[in-house]
Amino acid sequence: MAAAPAAAMPRVGIVMPGLAPGIRFLCLLAFCGCLAGTRANAQNTVADFYRGKQIDIVVGSSAGGGYDTYARLIARHFGAHIPGNPEIVVQNMPGAGSNKATGYVYSVAPKDGTAIGAVFPGAMLDPLIGDAQVQHDPNKLIYLGSANSDVYICFVRSDAPAKTFQDVFTHEVIVGASNTGGTTRDLPAMLNNLIGTKFRIVSGYAGSKEITLAIERNEVNGACGLGWTGLPAMHPDWFGAKKLMTVLVQLDMKGHPELNAMGVPLSMQFAKTDDERHVMELLESQGRFGRPYVLPPGVPDERVAALRQAFMATLRDPALIADAQKGQLDVDAMSGEELQALVTRLYALPDLIVARAKQALVYAVPK
């Protein structure tokens, strides 16, 4: 008895019953042409809008800082990748940990794609875990992407009481920090509260420059919450042949390839429960946000798509990369879609995790 013929695999495509094969082929060509025409029309519409216009990048810090430097780097190349080639102008609006600039972009700035915010990662998390009232909702912002990500580290002088991260569970280590809300203050507090380290935090330093000077003067043993990116370039003796400093741990989900190769552990390895890991992911995510660029809600979809595409093209532009290398700036772009998904995931965490994250930021002098 002959075997029954195998069932034919279903065909997926555009069904055009009753048409001869040649006619179907011509119809398919016409359909593809319509799609291409639609995309071209969208590009033309965007180009018509931006031609002769100015886009303002509003930086949430003062001139001369890292965020300002990156914004000006991007501004020099961004317009060439946007349809219509608008002029890009950088403006500074420091205040409230960049919440002032974020609030301006969210509530006041034009919602037509001519205003972009270059803001701190804290502006994404403050409404979730902070106590200050802000004027923006990170879930409603539109994300263009991030210029780079960073891996926060804890490191100490070679003559510090701790030689490994395990030592910090039994030996008090004095670290310099800024103030509440800064990673150098909040991340060591998190480690103390979640996993029992003994970081004594000396806060009040104006910024990373002042903290590193305090380390050099031996006012403190080290720091916890500074970014690895650029640190070896700024202080080549610290982590080079002289090994004046020791990196104890990485405050990141995946770690930096260079530090991973050196065997520097991740803080996540010391978490005992899933809740602790979720809290760490939430509080350490500022490193993944890196240097985010945002649009206000309400910008037309075709302009969002064009700006996102132009943002990534700009950060992959060989001319920008060469420019960045001259200034010793690390470029590691994250797309707007990835950044939007990260914000959505963090804001969907259970209230219990958010509440525990807030508690983890309360600092008490270690006993």
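Below are the figures for this structure:
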item: Lone unmet requirement of (1) in contact with a helix residue (DSSP H, G or I) (Cβ under 9 Å, 6 or more places away or on another chain); (2) modelled with pLDDT of 85 or more; (3) surrounded by 17 or more Cβ atoms within 10 Å (Cβ to Cβ) for Gly97; result: (2)
item: Matching residues in the range 140-153 - criterion: being in contact with a Gly (Cβ under 7 Å, 6 or more places away or on another chain) and of a type outside the set (S, T, N, Q); result: Tyr143, Leu144, Gly145, Ala147, Asp150, Val151, Tyr152
item: Out of Pro232, Pro236, Pro296, sole residue that is at pLDDT below 90 and closer than 26 Å to Gly122 by Cβ; result: Pro232
item: Residue that is modelled with the lowest pLDDT, among those in the range 276-293 that are within 15 Å of Ile57 (Cβ to Cβ) and touching a Leu at 6+ places or on another chain (Cβ under 8 Å); result: Pro292
item: The listed residue being buried (at least 18 other Cβ atoms within 10 Å of the Cβ), in contact with a helix residue (DSSP H, G or I) (Cβ under 9 Å, 6 or more places away or on another chain), within 18 Å of Thr314 (Cβ to Cβ) and not polar (S, T, N, Q), out of Ile82, Ile153, Ile129; result: Ile82
item: Every residue from the range 167-192 that is part of a loop (DSSP other than H, G, I, E, B) and of a type outside the set (Val, Ile, Thr); result: His171, Glu172, Ala177, Ser178, Asn179, Gly181, Gly182
item: Only one of Leu349, Leu320 that is in contact with a His (Cβ under 8 Å, 6 or more places away or on another chain), in the same structural domain as Gln91 (by TED's automatic domain parsing) and either assigned to a helix (DSSP H, G or I) or surrounded by fewer than 21 Cβ atoms within 10 Å (Cβ to Cβ) (or both); result: Leu320
item: Members of the range 291-317 found to be closer than 19 Å to Thr229 by Cα and either surrounded by fewer than 17 Cβ atoms within 10 Å (Cβ to Cβ) or in contact with an Asp or Glu (Cβ under 8 Å, 6 or more places away or on another chain) (or both), listed by number; result: Arg316
item: Matching entry among Ile215, Ile174, Ile201 (being in contact with a Lys or Arg (Cβ under 9 Å, 6 or more places away or on another chain) and within 18 Å of Ala360 (Cα to Cα)); result: Ile201
item: Matching residues in the range 293-311 - criterion: being over 16 Å from Ala75 (Cβ atoms) and of a type outside the set (Asp, Glu); result: Pro296, Pro297, Gly298, Val299, Pro300, Arg303, Val304, Ala305, Ala306, Arg308, Gln309
item: Any hit, the range 190-201, residues being in the same structural domain as Met268 (by TED's automatic domain parsing) and at positive phi; result: yes
item: Within the range 188-217, considering residues that are among the hydroxyl-bearing types (Ser, Thr, Tyr) and touching a strand residue (DSSP E or B) at 6+ places or on another chain (Cβ under 7 Å), the one nearest to Pro236 (Cα to Cα); result: Ser208
item: Per-region count, the range 102-113, residues crowded, with 18+ Cβ neighbours inside 10 Å and either of a type in the set (S, T, N, Q) or at pLDDT below 95 (or both); result: 1
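The values are calculated or read from the model by the stated rules, or taken from the named source; none is laboratory data. The shown structure was predicted, so the numbers you read here are calculated from the model rather than taken from an experiment. Every residue, glycine as well, gets a Cβ built from its backbone with ideal geometry; the counts of neighbours run over all protein chains shown.
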